[in-house]
Amino acid sequence: MIRIDGVLLSKGSGGVYGEKMMKGLRVWDPYRSKFAALAMIKPETDLDEDLRVLYLGAANGTTVSHFADYVKTVYAVEFAPRPMQDLIEVSRRRKNIIPIMADAANPREYAPFVEEVGMIYQDVAQPNQAEIALVNLPFLKKGGVVILMLKARSVDVTADPKVIFEDTIKTLEDGGLIVEDTCRLEPYHHDHACIVCRKP
Ligand code: SAM
């Protein structure tokens, strides 16, 4: 990934959401994007230009637009109408974003439009986050990666975040994934953890 003076950047035309520019490149702010936070915390994080990504919880396309600067195709799933309007605008400016208005918990809605992918990136902030990842596994090729951004308070506001985190890992492992790495997203995003898994 492109870094200059410790700043994470992506190529592509700017002005997508008011992001800063540096040396003609788009600044990818770790305080606004959990993937950028992961890339700051784990410098080995990378995105390949041949990668196809199924992105669950695309919102208004902030992070999606940076993914699209790096990878081949982003299938961007979002179910809320308001952010979807912005996502469609972002998709008009990037040829490799496929916006899909659908519920990520019901992948049959978009199965006809999605090719096999090398990565599932999920940031849905929902109680059933692990289950949503698992029902989307048929899209992921063998050896492909799942990156799940877990917001413990979305699962259960009353429960201990550590317990939620451990339960989520167990659900993912019981679903057939190998959990390869985990980290918290402090100081960029509070109450968030990242779980990186691989499909055997
Ligand atoms: N990933 C975005 C970014 O970095 O720019 C932020 C995502 S925001 C935390 C979570 C988004 O997931 C919201 O826009 C919400 O509408 C969407 N979402 C939640 N549950 C969903 C579901 N089951 N299917 C599709 N989208 C969902």
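Note that the chain presents 48 Å² accessible area per residue, ligands and nucleic acids not counted, probe 1.4 Å. Summarising the strand pairing of region 34-198, around 40 percent of its internal DSSP beta bridges are antiparallel. Per residue, the convex hull spanned by the Cα atoms of region 1-103 amounts to 93 cubic angstrom. Given +1 at the Cβ of Lys and Arg, -1 at the Cβ of Asp and Glu and no other charges, the dipole of the chain around its Cα centre is 640 debye to the nearest 20.
Think of region 1-118 as having a plus end and a minus end, set by charges on the Cβ of Lys, Arg, Asp and Glu; of Val71, Ala58, Ile2, Ile2 sits farthest toward the positive end of this dipole. When both region 95-122 and region 64-91 are represented by their alpha-carbon centers, they are found 11 Å apart. Each principal axis of the Cα cloud of the chain was evaluated for its coordinate range; sorted largest first, these ranges are 45, 39, 32 Å. The calculated Kirkwood hydrodynamic radius for region 99-200 is 14.0 Å, given to one decimal from all distinct C-alpha pairs. Carbon-plus-sulfur accessible fraction, region 34-198 (probe radius 1.4 Å, protein heavy atoms only): 51%. Pairs of lysines in region 1-105 whose Cα atoms sit within less than 13 Å of one another amount to 4, provided the residues are eight or more positions apart or on different chains.
For the chain, which span is the longest to avoid every loop-located (per DSSP) member of GluC sites (Glu not before Pro) having at most 16 other Cβ atoms inside 10 Å? Result, exposed sites excluded: 117-200. Over the residues of the chain, the helix contribution to mean residue ellipticity at 222 nm works out to -7500 deg cm²/dmol, using -39500 (n - 2.57) for each DSSP H run of at least 4. Ordering Thr182, Ala133, Phe165 by the projection of their Cα atoms onto the charge dipole of region 34-198, which places +1 on the Cβ of Lys and Arg and -1 on the Cβ of Asp and Glu, puts Ala133 at the extreme positive end.
The values are calculated or read from the model by the stated rules, or taken from the named source; none is laboratory data. Just so we're clear, the structure is a prediction, and the values are computed from it rather than from any experiment. Glycine also receives a Cβ, built like all others from the backbone with ideal geometry; neighbour counts cover every protein chain displayed. Side chains are part of the model used for accessible areas, which takes the heavy atoms of the whole protein and leaves out ligands, DNA and RNA. Shrake-Rupley method; radii C 1.70, N 1.55, O 1.52, S 1.80 Å.
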